[in-house]
Amino acid sequence: MKLKHKVLIYNFLGFAVLFVLFRFLLYISLSINSIYLSAIAAIAASILAPKFAVAKIEGLEKIVMKWVFVKGFKIL
């Protein structure tokens with residue numbers, strides 16, 4: 001599997017897990033329309049989800065991650 005495909009899957013899984021978690025927590029705590037719950041959960045998940053990318057480091061392509069809770073880039 002190419003690194004670009006792995007990065008795409010990692011980005012999707014990071015977003016999807018946080019989206020479902022936020023959607024569930026908002027559903028329990030708020031009583032508003034489901035469209036608004038989904039929109040708020042999507043915005044929160046897109047901000048807080050880790051971002052993965054392919055970078056060329058020392059001549060090799062590697063996966064790097066940037067996240068709000070981690071300072072700098074983390075090489076995977």
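The values are calculated or read from the model by the stated rules, or taken from the named source; none is laboratory data. It should be emphasised that the depicted structure is a prediction, and the values quoted were computed from it without experimental measurement. Cβ placement follows ideal geometry from the backbone for every residue including glycine, while neighbour counts extend to all protein chains displayed. Surface areas here come from the heavy atoms of the whole protein model, side chains and all, with no ligands, DNA or RNA. Shrake-Rupley method; radii C 1.70, N 1.55, O 1.52, S 1.80 Å.
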In the chain, carbon and sulfur make up what percent of the accessible area (probe 1.4 Å)? 71
Between 0 and 90°, nearest 10: helix 3-29 axis offset from the chain longest Cα axis: 20
Which lysines, on any chain, are close to residue 71 with Cα under 19 Å apart, when same-chain ones fewer than 8 places away are left out? 51, 62
If you line up the long axis of helix 34-48 against the longest principal axis of the chain, both from Cα atoms, how many degrees apart are they, to the nearest 10? 30
Run through the range 1-49 and list the trypsin sites (Lys or Arg not before Pro) located in a DSSP loop whose Cβ has at most 15 other Cβ atoms within 10 Å. 2
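With a probe of 1.4 Å, find how much accessible area the chain has per residue, and write the answer as a whole number in Å². Before the final figure, lay out the partial values.
Working: 5820 Å² over 76 residues.
Using a 1.4 Å probe on heavy atoms only, each residue of the chain averages 77 Å².
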For residue 27, what accessible surface area do you get with a 1.4 Å probe? Give it in Å², rounded to 10. 150
If 38, 46 are ordered by their accessible area, calculated over protein heavy atoms with a 1.4 Å probe, which sequence runs from highest to lowest? 46, 38
If we count every other residue with Cβ under 12 angstrom of residue 67's Cβ, Lys/Arg +1 and Asp/Glu -1, where does the sum land? +4
With each run of n ≥ 4 DSSP H residues scored as -39500 (n - 2.57), what mean residue ellipticity at 222 nm is computed for the chain after dividing by its residue count and rounding to the nearest 500 deg cm²/dmol? -19000 deg cm²/dmol
Over the chain, what is the relative contact order in percent, taking alpha-carbon pairs closer than 8 angstrom and at least six residues apart? 29
Using the Cα centre of the chain as origin and beta-carbon charges of +1 (Lys, Arg) and -1 (Asp, Glu), tell me which of 29, 69, 44 is placed farthest towards the positive end of the dipole. 69
hull vol. (C-alpha, convex hull) per residue for the range 1-41, Å³ -> 54
What do you get for Rg/Rh over the chain if you use C-alpha atoms and the Kirkwood form of Rh? 1.12
